[in-house]
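To start, the structure itself, in structure tokens.
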């Protein structure tokens, strides 16, 4: 028995609805994805800008605090010097304090030595990632130079104006020393016996990885004698863990 015209119309409507519903769902999904994609750049920018501003504010605040530390230490030095002026045991104690401060990097230094400069290579766009990684300065590179310099007889070292002491640390992909973010070129002022330091750091057996990358990828690495270096006092915090009274 053949279906009536009404039954055929109802069947056609069911088939149409069966095709329409998935199409509508697909349309909703595509529209939602497009809307989410279009919002991403604005959302990224919305969060990136405050983060960058917060980082800059924190860096400025840290620089201000370091300046206050230097000022307070200078006032403390003046008070100690006034106390030592009376002579006797106070003068002897002040002399020992000055010696310890000098050894700890808390006083400015000046004299001859060597200057070591590390800088990122200037490579064209499209350079492979591994080549780029080998052609830029890493925190370990700076640490290698510092260790080699101490071993060669360095008396004091600074990097881009930051004095290196036992309390210093060189960390991060974006290099940070004494809590200060630094950018290349990294100029290391090494105070000490000039010819001895120059010979040791220029030796082919020292700083081999740095010199290999300099020759292969154009990484900046220069070592020069310097007649007059000026190193600032350490301005970071002193994290004293224990103290011992000297007999």
Checklist entry - Within the set of pairs 6 or more residues apart or between chains, which connect a residue that is at positive phi and modelled with pLDDT under 80 inside segment 94-112 to a residue that is surrounded by 13 or more Cβ atoms within 10 Å (Cβ to Cβ) and not in a loop (DSSP other than H, G, I, E, B) with Cβ atoms less than 6 Å apart? => result none
Checklist entry - Do we find a residue being closer than 24 Å to residue 105 by Cβ, touching a strand residue (DSSP E or B) at 6+ places or on another chain (Cβ under 7 Å) and modelled with pLDDT of 95 or more anywhere in segment 205-216? => result no
Item to check | Odd one out for residue 202 among (1) modelled with pLDDT of 95 or more; (2) under 23 Å from the mean Cα position of the chain (by Cα) | outcome: (2)
Next on the checklist: Could you check segment 203-218 and list, in sequence order, the residues that are in contact (Cβ under 8 Å) with a residue 60 or more places away in the chain and part of a helix (DSSP H, G or I)?
Outcome noted: 209, 210, 213, 216, 217
Checklist entry - Within segment 131-147, is there a residue that is modelled with pLDDT of 95 or more and closer than 18 Å to residue 228 by Cβ? => result no
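The values are calculated or read from the model by the stated rules, or taken from the named source; none is laboratory data. Just so it is clear, the model here is predicted, and its values are computed rather than measured. Every residue, glycine as well, gets a Cβ built from its backbone with ideal geometry; the counts of neighbours run over all protein chains shown.
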